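Structure, as structure tokens:
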Amino acid sequence: MDKNNRYLFINLTVAFALAFLVMIMIHEFGHALAAISFGLHPVLRSFSVDYGTATNAQNIVIDLAGPLVSLVTGLLILGIFRVGRGFWGLFWL
């Protein structure tokens, strides 16, 4: 591996690690925002959210909020990079 490829590999690895951490935080903020919308007081931790006691229905909504926020964020990122290519441009076809 030559010097340029090594630097590229290091840069891409660092960028991936940072993007991964940012996406985890965005996902956890989704849970926290759902808990706030129910009047709960969430505590955001590194890889989880403690929001106290909630009803079963509230737990379902709070639990689904993180993946939903992740899905919407991913689709927005895909859309930004695929602007102008139409719907099928979202899928690397």
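The values are calculated or read from the model by the stated rules, or taken from the named source; none is laboratory data. Bear in mind the structure is a predicted one, so any value in this text is a computation, not a measurement. With ideal geometry, Cβ positions are generated from the backbone for all residues, glycine too; neighbour counts draw on all protein chains shown. Accessible surface is based on the protein model in full, side chains and every heavy atom, while ligands, DNA and RNA are left aside. Shrake-Rupley method; radii C 1.70, N 1.55, O 1.52, S 1.80 Å.
Which whole-number percent is the relative contact order of region 33-80 (Cα, under 8 Å, 6+ apart)? Before the final figure, lay out the partial values.
Values: 23 pairs, mean separation 13.5, N = 48.
Result for region 33-80 is 28 percent.
Tabulate in residue order the Karplus-calculated ³J(HN,Hα) for region 4-11, using 6.51 cos²θ - 1.76 cosθ + 1.60 with θ = phi - 60°, rounded to whole Hz; enter x for Gly and Pro.
Per residue, the Karplus-derived 3J(HN,Hα) values read 5, 5, 5, 5, 4, 4, 5, 4 Hz.
With the contact rule set at Cα under 8 Å and sequence spacing of 6 or more, what percent relative contact order holds for the chain? Provide the component values of the computation, followed by the final result.
Working: 64 pairs, mean separation 22.2, N = 93.
Reported relative contact order: 24 percent.
Could you compute the longest span of the chain free of trypsin sites (Lys or Arg not before Pro) located in DSSP loops and having at most 14 other Cβ atoms within 10 Å, not counting the site residues? Please list the in-between numbers first.
Details: sites that count: R45, R85.
Looking at the chain, 1-44 is the longest stretch - no exposed trypsin sites (Lys or Arg not before Pro) with at most 14 other Cβ atoms within 10 Å.
Give the angle, between 0 and 90 degrees and rounded to the nearest 10, that separates the Cα long axis of helix 56-81 from the longest principal axis of the Cα atoms of the chain.
20
Picking from I10, L44, G79, whose Cα lies most toward the positive end of the charge dipole for the chain (charges on Cβ: Lys, Arg +1; Asp, Glu -1)?
About the Cα centre, the residue reaching furthest to the positive side is I10.
Would you please put 12-21, 70-79 in order of how densely packed they are, using the mean number of other Cβ atoms within 10 angstrom per residue and starting with the highest?
On the way: 12-21: 10.3, 70-79: 12.6.
Highest mean packing first, the order is 70-79, 12-21.
What part of the accessible area of the chain, given as a whole %, is carbon or sulfur when the probe is 1.4 angstrom? All intermediate terms of the calculation are to be shown ahead of the outcome.
Details: 5230 of 7150 Å².
Its accessible area is 73 percent carbon and sulfur atoms.
Could you state the accessible area per residue of the chain in Å², with a 1.4 Å probe and every protein chain left in place?
On the way: 7150 Å² over 93 residues.
Value for the chain: 77 Å² per residue.
Add -39500 (n - 2.57) for each DSSP H run of 4 or more in the chain, then divide by its residues: what number comes out at 222 nm, to the nearest 500 deg cm²/dmol? Working shown, then result.
Values: 2 runs with 61 residues, N = 93.
The per-residue figure over the chain is -23500 deg cm²/dmol.
In debye, nearest 20: dipole of the chain around its Cα centre with unit charges on the Cβ of K, R (+) and D, E (-)?
Values: 5 positive and 4 negative charges, 81 e Å.
Result for the chain is approximately 380 debye, rounded to the nearest 20.
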